[in-house]
Amino acid sequence: MVFSVGLSGCRSTVEHPSESIQWRQLRIQTSAGGFWWCHLSSPAVVHQLGTLPDRPEPCGSTLKLVTALYLLERGHLHPSQRYPCAGSVALAGGETLFCEHPHGSVSVVEALAVSCNVFFARAVASVSPRDWSAYLQTAGGFRAGQANAQAARWPTDVRFPQAALGLDPAVSVTARQWLGFLAQWLNPPTATQPKKEGTLASRLVQAGMQRAVLQGTAQGLDPLGRMRVAAKTGTVRHGQRLHGWVVGYAPFHSPRVAFCARQVGHASREGAVLLARDCLESLL
């Protein structure tokens, strides 16, 4: 899968909807956060609600979307592979990664839904950091520190496998980059180009995003299932503050809208997920 994401030509608009009570409440709620979205039929036009600047920030476990695609497409992970999760995994450098609770034996779909750190740490254990970094840039224009495909060595400022799980602040992403990635990946049909059949890797990752909303980390995003949202959450500590993210699209069977929400000071479940839910309910 090769993406060519040109974001320099994106136009940005800040939405000022009618001053209904609902929208006034949303504008207050987004004072410490931001919500960005685009119609997949015109992805270059990015809309924003809230005043949070869209600058590169660590994006937490949302990055597992790209890592999962990399593992599956490059043959590093068999679609039926399962890894046991006892709640923690010790890394070679002495650091230990934890999950919220033990997940048992999990597949890639289940690991995306519950954001299992143990699964992904085990899955990337034998991959080349430089190869993953090159894929990251090709897929979404994301950059791991100063790494690039021509780098002679993996940069010392980026920890791996933490970077592949979105847990290293050296990997920073903007909301517009996420929207560009989603627009290219989802490949919406046009009048002259019908939608291509998704690869097995894409179908598995999309299934994980759907499961995340139905019974995983993004469960509060669409509690009644009416909007049919697929999403991935992420939380990372940057400095002294938490950054909560959620990225996704709707409806999951025929995507029309891609979105990204970010809330500073809260984990994704307590901030970005609830912000995205309220915004999507007003948009869809």
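The values are calculated or read from the model by the stated rules, or taken from the named source; none is laboratory data. Predicted, not measured: the structure shown is a model, and the values here were computed from it. When we count neighbours, we look across all protein chains shown, and the Cβ atoms used for this are built from the backbone with ideal geometry, even at glycine.
Structure notes:
- Any chance Gly234 is under 23 Å from Glu57 (Cα atoms) and touching a helix residue (DSSP H, G or I) at 6+ places or on another chain (Cβ under 6 Å): yes
- Residue in region 36-45 that is within 15 Å of the chain's Cα centre (by Cα) and in a helix (DSSP H, G or I) present: no
- Residue pairs meeting the criteria (Cβ under 6 Å; at least 6 apart or on separate chains; first in contact (Cβ under 8 Å) with a residue 12 or more places away in the chain, in region 272-283; second surrounded by fewer than 21 Cβ atoms within 10 Å (Cβ to Cβ)): Val273/Gly220; Asp278/Leu26; Leu280/Met227
- Among residues of region 109-121 that are on the phi > 0 side of the Ramachandran plot, those with a Cβ under 6 angstrom from a residue that is assigned to a loop (DSSP other than H, G, I, E, B), sequence gap 6+ or separate chain, pair up as Ser115/Thr217.
- Positions within region 239-278 being in a helix (DSSP H, G or I) and crowded, with 24+ Cβ neighbours inside 10 Å, in sequence order: Ala272, Val273, Leu275, Ala276
- Close contacts from region 70-90, counting a first residue that is part of a strand (DSSP E or B) and a second that is exposed (fewer than 12 other Cβ atoms within 10 Å of the Cβ) and not small (Gly, Ala, Ser), with Cβ to Cβ under 8 Å and a gap of 6+ residues or different chains, come to Ser88/Thr96; Ser88/Phe98; Val89/Thr96; Ala90/Thr96.
- Output for region 50-85, where each listed residue is in contact with a His (Cβ under 9 Å, 6 or more places away or on another chain) and aliphatic (A, V, I, L, M): Leu72
- Here Leu7 meets the list (1) closer than 25 Å to Pro169 by Cβ; (2) modelled with pLDDT of 90 or more; (3) within 19 Å of the chain's Cα centre (by Cα) almost entirely, failing just condition (2).
- Some residue of region 101-116 being assigned to a loop (DSSP other than H, G, I, E, B), more than 18 Å from Ala144 (Cβ to Cβ) and modelled with pLDDT under 95: yes
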